[in-house]
Amino acid sequence: MKWLETVLNPWVKTTVDETHCCQIGVIFNDIPLLEFTYSAERSTKDRALYYISGGRLSNKEKNVRGRLEFRKIPEKNEAIVAIHDYMPSLPWFLYKYTQAKAHLIVMALFRRHLERWGTNQPSFHVHE
């Protein structure tokens, strides 16, 4: 999450607490855009699972099982980042052309960051 704040500085701010729960927000508003709750019981050394637990960009009433998953591919220097069962607060036609596009850009930047970080680190591939 800190990487995101560094790349999108000064507009985006992130917080991570001692339980690895995260918030992503913008500098001019105290209400987070997205909140993620780390699932220790469903995570392993090769998988980190975060439930999408709130924020302005999440439909709290419909978003029951929304989650963000980081999974390393066994015996490869690659990983997958996936969003499952996410229900946005925006109407679908707006989400598709705004928030979804922004997410793809952020993930492409994250992939490039990891590739520059070193060949011994995982290379993330975005799948919808």
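Things to note:
- Computed label-point distance, nm, for sites LYS60 and ALA100 using a 7 Å Cα→Cβ extension: 2.6
- Fraction of the pair-distance distribution of the chain above 24 Å, Cα-Cα pairs, percent: 27
- Helix-only [θ]222 nm of the chain, DSSP H runs n ≥ 4, -39500 (n - 2.57) each, per residue, nearest 500: -7000 deg cm²/dmol
- Under 18 Å from the Cα of LYS2 - lysines, other chains or at least 8 residues apart: LYS13
- Accessible area in square angstrom per residue, the chain, 1.4 angstrom probe: 67
- Taking every C-alpha pair closer than 8 Å and separated by at least 6 residues, the mean separation divided by the residue count of the chain gives a relative contact order of 15 percent.
- Length gained on full extension, PHE70 to MET87, computed as 0.36 nm times the residue gap minus the Cα-Cα distance: 4.2 nm.
- Taking the stretch 99-118 and a reference point 7 angstrom along Cα→Cβ of LEU8, the backbone N atoms nearer than 20 Å belong to 99-115.
- Taking the protein heavy atoms of the chain in the context of the full set of protein chains, the accessible area attributed to carbon and sulfur is 58 percent at 1.4 Å.
- Summarising the overall dimensions of the stretch 51-111 from its C-alpha atoms, the Rg and Dmax are 13.2, 40 angstrom.
- Three-way shape call for the stretch 1-57 based on the alpha-carbon gyration tensor, with the a/c threshold at 1.5: prolate
The values are calculated or read from the model by the stated rules, or taken from the named source; none is laboratory data. Here the structure is a predicted model, which means the values were calculated and not measured. Quick reminder, even Gly has a Cβ in these numbers, built from the backbone with ideal geometry, and neighbours come from all protein chains shown. Only protein heavy atoms, including side chains, enter the accessible area calculation; ligands, DNA and RNA are left aside. Shrake-Rupley method; radii C 1.70, N 1.55, O 1.52, S 1.80 Å.
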